[in-house]
Ligand SMILES: Cc1ncc(C[n+]2csc(CCOP(=O)(O)OP(=O)(O)O)c2C)c(N)n1
């Protein structure tokens, strides 16, 4: 039977469990009609394609299911720009754009350029759908590629400036493979001999440490990670992307290691005589550019991507497997002698943790006005609910929260920008779309918030009731150090033109748009504002007036 492309596309997206698509029209217009007729999919009409991609990314990272975003041909590169963070963070996205038609290309069609090369560096699969009959097999492949192995974005360009291919008919069957509607679709089993080799190496080690990354969260292996660490008394540091693999309050948690990190974690990893990397590529951010640990330290690695194994640290043991399966099996195989006494090493960890908290108590408990960002982090550690999702921007936001915020419960989630300023606010809205029952609290600087502030209207319109806390110092003050340096020590007064803004009240702006706006000027008001925000039935912006001179601690290497 002949079917309309739009019907098949809408039904298939529904069949994969897609609940929201994020887009700027006009793209696959007819499909949006069929979505209304045939599915429950919400069509989130945004104010920009980059924000739409970030929302899809937040949706994907919060739910473990691919996020879907779309743009017509003229918005395609805006959308591609928004896939870069998902690419860096290994987040599964299906991006759909309109594009060239063989009948008219190279003739100066309105708005048209060749968009395909721009998607190449930020996708795992980048393909054109030229014939309507190809929608089913190519969409299935897009889902398959997005979620398998190390997940990531894919791009399908539909023929026609607005992807009008969807309004054509062909013999088609809208078959879906729901297995590929989530991460991970497979759980590859580890090689038993390699697991035993790893346990032997751990027995030899005096001061082993685990560095857990985003692969642990993608595999939903946090419980198995903590059980294994507990059983063998091994401290756990995480990458920024893996921060929610272990609560910060757990006795074996060292914190986030690397560049945007916690001093304690870098000290513990630098002291280790054996490092087990799990679900992390051990890239520059996680290792402070391969200074922590030093290359050459005896190491092992577990990863679902064979090319990640040994790429940055030569390995004693490399294990290709799903993290959850590998960790569960390691706990089973561990013998009494593997669980040797590590009280001396654990005492060292305790000491390092204690001196970290002592050193940073003045910031974490600061009563200063304007507010110190360290105090905001510790208030969030106290007030984020048991099942809260915390979404964090990059730059100082990533440094403050990566280092100073503590998750208290394994049910809490943490997601962070993989480098793009402005990612967190729309990503938080996408997370809220994916998990409407869970509180979502986004931490961003004011420079980060400005990027996509227009999406506040989207949040209000779609009742995406996320809470956005703006660390508002009227500047991008992470840049201060860098400009002092290039000015030869201290920048001139005019140097400030390069990183400061006018003072604004985001609570007022939020109120005007229909959100709840709360302005916080004293540290003691942060907790009550968060409590009030948690019971609001609309999106909330908490505008925290903070200290422009507060600079986040920089990473240590030993
Ligand atoms: C897309 C993008 N452009 C530029 C940067 C460089 N950058 C990192 S942090 C930062 C300023 C951050 O300002 P804000 O969000 O207000 O936080 P603050 O440093 O003031 O705490 C800039 C410009 C970036 N990370 N991403």
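The values are calculated or read from the model by the stated rules, or taken from the named source; none is laboratory data. For clarity, every value in this text was computed on a predicted model and none was experimentally measured. Glycine also receives a Cβ, built like all others from the backbone with ideal geometry; neighbour counts cover every protein chain displayed.
Tabulated data
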item: Residues located in the stretch 456-465, provided they are buried (at least 24 other Cβ atoms within 10 Å of the Cβ) and either in a loop (DSSP other than H, G, I, E, B) or within 16 Å of the ligand (Cβ to nearest atom) (or both); result: 464
item: Residue check, residue 376 over 16 Å from the mean Cα position of the chain (by Cα) and within 13 Å of the ligand (Cβ to nearest atom); result: yes
item: Residue, surrounded by the fewest Cβ atoms within 10 Å (Cβ to Cβ), within the stretch 262-314, restricted to residues that are in contact with a helix residue (DSSP H, G or I) (Cβ under 6 Å, 6 or more places away or on another chain) and part of a helix (DSSP H, G or I); result: 263
item: Subset of the stretch 389-412 that is over 24 Å from residue 42 (Cα atoms) and away from the ligand (no atom under 16 Å from the Cβ) - its residue that is surrounded by the most Cβ atoms within 10 Å (Cβ to Cβ); result: 407
item: Any hit, the stretch 22-42, residues being within 24 Å of residue 241 (Cα to Cα) and buried (at least 21 other Cβ atoms within 10 Å of the Cβ); result: yes
item: Subset of the stretch 416-435 [away from the ligand (no atom under 16 Å from the Cβ) and surrounded by 24 or more Cβ atoms within 10 Å (Cβ to Cβ)]; result: 429, 430, 431, 432, 433
item: Among (1) within 16 Å of the ligand (Cβ to nearest atom); (2) surrounded by 15 or more Cβ atoms within 10 Å (Cβ to Cβ); (3) not in a helix (DSSP H, G or I), the one test that residue 502 misses; result: (2)
item: Filter result for residue 189 (at pLDDT 95 or above and assigned to a loop (DSSP other than H, G, I, E, B)); result: yes
item: Matching option when the condition is in contact (Cβ under 8 Å) with a residue 60 or more places away in the chain and within 16 Å of the ligand (Cβ to nearest atom), among 545, 556, 486; result: 545
item: Members of the stretch 466-483 that are on the phi < 0 side of the Ramachandran plot, more than 8 Å from the ligand (Cβ to nearest atom) and part of a loop (DSSP other than H, G, I, E, B); result: 466
item: Scope the stretch 165-175; condition assigned to a helix (DSSP H, G or I) and either over 18 Å from residue 127 (Cβ atoms) or without any contact (Cβ under 8 Å) to a residue 60 or more places away in the chain (or both); matching residues; result: 167
item: Residue tally, condition over 18 Å from the mean Cα position of the chain (by Cα) and either within 8 Å of the ligand (Cβ to nearest atom) or closer than 15 Å to residue 417 by Cβ (or both), over the stretch 436-454; result: 3
item: Enumeration of residues in the stretch 505-551 that are over 28 Å from residue 386 (Cα atoms) and outside any helix (DSSP H, G or I); result: 505, 547, 548, 549, 550, 551
